[in-house]
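This report concerns only the one structure given below.
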């Protein structure tokens with residue numbers, strides 16, 4: 001899978017490994033809506049969100065390992081990979097040929113900082129501003145090694161941060 005910031009994620013497998021059917025790949029792009037994505041993926045669950053900061057729909061695929069968030073107009077806002085994300089044989093998401101699926105949140109933070117990318121920390125992780133992504137850890141504490149629990153890709157600039 002390849003990330004094109006605020007534009008698309010390409011080559012997302014449609015089926016879990018081991019089903020005995022030929023794998024197909026799709027792109028998720030900014031501007032796709034709930035119907036576009038539900039036409040591609042089998043949704044495990046769907047729920048509405050109506051809080052002061054956000055109103056929309058969230059759907060889940062692959063037993064909750066892949067989460068799609070949509071705004072109140074049903075347009076995709078973000079796609080979240082929940083770890084361990086071993087739904088597919090090849091477990092990577094790349095940006096310019098660099099795998100951004102990382103298991104250690106501090107290692108990922110250091111990597112992006114050393115490569116000149118602006119980050120913004122929050123209570124449970126950090127954002128990589130130029131890429132429109134967010135790393136989340138249940139036990140995040142700055143300076144401490146902790147496991148990445150989720151990586152969120154924002155496709156809608158207006159809802160990022």
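Observations, loosely collected:
- Residues that are surrounded by fewer than 19 Cβ atoms within 10 Å (Cβ to Cβ), in contact with a strand residue (DSSP E or B) (Cβ under 6 Å, 6 or more places away or on another chain) and free of Cβ contacts under 8 Å to residues at least 60 places away in the same chain within the stretch 68-79 comprise 72, 74, listed in sequence order.
- Any hit, the stretch 85-93, residues being over 17 Å from residue 132 (Cα atoms), without any contact (Cβ under 8 Å) to a residue 40 or more places away in the chain and assigned to a strand (DSSP E or B): no
- The single residue among 64, 116 that is in a loop (DSSP other than H, G, I, E, B), in contact with a strand residue (DSSP E or B) (Cβ under 7 Å, 6 or more places away or on another chain), free of Cβ contacts under 8 Å to residues at least 24 places away in the same chain and surrounded by fewer than 20 Cβ atoms within 10 Å (Cβ to Cβ) turns out to be 64.
- Every residue from the stretch 15-49 that is farther than 16 Å from residue 66 by Cα and surrounded by fewer than 11 Cβ atoms within 10 Å (Cβ to Cβ): 18, 19, 20, 21, 22, 24, 35, 48
- Conditions (1) under 25 Å from residue 137 (Cβ atoms); (2) at pLDDT 90 or above; number of the one not met by residue 65: (2)
- Residues satisfying the stated conditions in the stretch 2-36, i.e. assigned to a loop (DSSP other than H, G, I, E, B) and on the phi > 0 side of the Ramachandran plot: 6, 18, 20, 31
- Against the conditions (1) within 16 Å of the chain's Cα centre (by Cα); (2) within 23 Å of residue 158 (Cα to Cα); (3) surrounded by 15 or more Cβ atoms within 10 Å (Cβ to Cβ), residue 12 satisfies every one except (2).
The values are calculated or read from the model by the stated rules, or taken from the named source; none is laboratory data. Please read these numbers as outputs of a predicted model, since none were measured by experiment. Cβ: placed from backbone, ideal geometry, glycine included. Neighbour counts: every protein chain shown.
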